[in-house]
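Coordinate-derived values only; no laboratory data. Quick caveat, the model's predicted, so the values are computed rather than measured. With ideal geometry, Cβ positions are generated from the backbone for all residues, glycine too; neighbour counts draw on all protein chains shown.
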Amino acid sequence: MSTLEIDVGDLHARAVEFSATELVVTLADGRRIATPLDWYPRLKRASAAQRANYEIMPMGIHWPDIDEDLSVAGMLKGQRAKGD
C-alpha cells in the first residue's frame, strides 16, 4: 500500500468558490481542488454570506462564522470534515 506524500509548504490557497455541489479551492500555483460539499456538513448548511466570509491561513482555510477549518493537504488526501 502506498501513501500520498504532500509537500505542504507548496500548498497555499489563493481563492475559494462554491458550486451547488462542490467546494473549489484555487492554489497559488493555479491548480484547482474540487471536493464534494457533502464532505463538509457545516459548509453545506451555511448561508452564502457565511461561506463568503473566509480567511486564507498558511495551511488552509478558516470560516469564522461557522468555526470550520480545512487544510489544503487534507482536501488533497480526500479527508472529510470530522465531527458534524
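Taking other C-beta atoms within 10 Å as the exposure proxy, Trp39, Trp63 rank Trp39, Trp63 from fewest upward.
Stretching Ile33 away from Ser19 to a fully extended chain increases their span by 3.8 nm, per 0.36 nm per residue minus the current alpha-carbon distance. Radius of gyration (Cα atoms) of the chain, expressed as a multiple of 2.2 N^0.38 Å: 1.05. Fewest-first ordering of Met75, Met57 by other beta carbons within 10 Å of each residue's beta carbon gives Met57, Met75.
Is the C-alpha gyration tensor of segment 45-84 telling us rounded, prolate or oblate? Criteria: a/c under 1.5 is rounded; beyond that, a/b larger than b/c is prolate, otherwise oblate. Cα axes put segment 45-84 in the oblate bin. Starting at the first residue of segment 13-25, write each ³J(HN,Hα) from the Karplus equation 6.51 cos²θ - 1.76 cosθ + 1.60 with θ = phi - 60°, in whole Hz, x for Gly and Pro. Karplus values, whole Hz, x for Gly and Pro: 5, 10, 8, 10, 9, 10, 9, 5, 10, 9, 9, 10, 10. Among Lys82, Lys44, Lys77, sorting on how many other beta-carbon atoms sit within 10 Å of each Cβ, with the fewest leading, yields Lys82, Lys77, Lys44. Comparing mean-square fluctuations of Ala20, Ala46, Ala34 from a GNM of the chain with C-alpha springs under 10 Å, the top value falls on Ala20.
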